[in-house]
Every structure is written in structure tokens, then in C-alpha cells.
Amino acid sequence: MKRFHLELAIIITLALVAVGALSIAQQPAGEIKLAYVDFQKILDESVEGKKAQEALEKKFGETKEMLKKTGTELKQLQEEIEKQCPVLTPIVCNEKKNLFKAKYTSYMQQKMLLQEQYNNEFIQLVSPMQKDIDDVIQKLGKEKEYSMIFKYDLSSRTQEAVLAEYLFFPSSIAYMNPALDITADVLKLYDAAH
């Protein structure tokens, strides 16, 4: 399975390089224009992005706070059990530990369910935005005659996807000159259209 993923990653990388080379080859010599856009910044700063964040906070904020409180209580309970166990009988100590494990398991299940619901809602809210932002990037790219515009889009990916990208593409871009950042231009155009 790992070999399949590695082969797939290599094929995707080669395809991206080929597409990039063709795009650059169409530009007159010496006129390669590159830029990048920080998608997360647009989500954070655009009017629509702020509305989406407010909607998520309204829907999930109370539950997140309740889970945070439960997490704090569980940590305190664990500390109490650790302090009490040396003076308790082994049976009572095990009962307290089992009770803690059951509460902790329930807490983790609730936390995972909340995260899944949050992610699904996030995707529903952000997907239309992403398409509109992509359209703005395409339009700006054509108008300003960019050879390539890179888009950082870590917000909609899981930690596993980000880790897989790092593992499969260790030579991915580690630095980009801030002068190539056109996020502000895209944000301005996107907000003007909405």
C-alpha cells in the first residue's frame, strides 16, 4: 500500500512539473511571472470568511467550551486518583481508575464526533468560497499574465494529508519571497465581488 502511495505521489509530481514546464515554455524568454496566494489568510480576513467563522463559532462554540471544561475536570480527576491511590486499597484504586477510563473514553468520543461535525460544516461553508477564490485567482492570473500562481490551501486538509505531502514531497517549496505574495490583491477582488 505504501508503495502504491509513493508511486502515485511520483506520478502526480511529474505531471505537475510537466504542466508547469509547458506553461512556462509559452511565456516569452525572461518573462516568467510567479506568485502565490495564502488561502487561509483569505478565509481569515475576507468578509465571507469571517461570516463562515462566526457561523461555526455560533454552532459549535458552546459544545467546544463544554468539552474544554470536561477535559479540565478529567485532568483534575486523574491527578486526584494519582494522589489517592497510594492510600487506597487496590480494589478501590482500580475502581476509580476504571471510572476515569470510562469518562475519558466518552470524552474522547464526544471530542472526535464534534471535530468530525465541525470539519463537515467547515467544508460546506468553505467549498463555495474556494471555487469563487479560484475564479478570482484565474482571472487575476490571466489579466496580469502570470506564468504560475501557487495556492497554499492547508485549511481543508487533515493533518494526515499534510504529513503525507511532507513525506512524499520532501523537496516541496520551503521558502517563497514575500514579494510574490498576491493574497492582498485576491482578497480585495474577492471581497469586491461579494
Exercise. Residue by residue, what Karplus-based ³J(HN,Hα) values in Hz, rounded to whole numbers, does segment 120-137 have, using 6.51, -1.76 and 1.60 with θ = phi - 60° and x for Gly and Pro?
Worked result: 5, 5, 4, 4, 4, 6, 8, 3, x, 4, 4, 5, 5, 5, 4, 4, 5, 4
For this session: Grab the other residues whose beta carbon is less than 14 angstrom from that of Leu114, score K and R as +1, D and E as -1, and report the net.
Result: 0
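From the cross-link list Lys59/Lys97; Lys58/Lys139; Lys68/Lys96; Lys64/Lys139; Lys101/Lys151, which pairs have alpha carbons spaced over 32 Å apart? Walk me through the intermediate numbers first.
On the way: Lys59/Lys97 34 Å; Lys58/Lys139 34 Å; Lys68/Lys96 22 Å; Lys64/Lys139 39 Å; Lys101/Lys151 43 Å.
Cα-Cα > 32 Å for Lys59/Lys97; Lys58/Lys139; Lys64/Lys139; Lys101/Lys151; rest within.
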Exercise. Which ³J(HN,Hα) values, rounded to whole Hz and listed in residue order, are derived for segment 62-79 from phi using the Karplus coefficients 6.51, -1.76 and 1.60 in 6.51 cos²θ - 1.76 cosθ + 1.60 with θ = phi - 60°, glycine and proline given as x?
Worked result: 5, 5, 5, 5, 5, 5, 4, 5, 4, x, 5, 4, 5, 5, 5, 4, 4, 5
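Any read-out appearing in this document is the output of simple, stated calculations on the displayed coordinates, not a laboratory observation. Please read these numbers as outputs of a predicted model, since none were measured by experiment. No Cβ is skipped: glycine too gets one built from the backbone with ideal geometry, and neighbour counts run over all protein chains shown.
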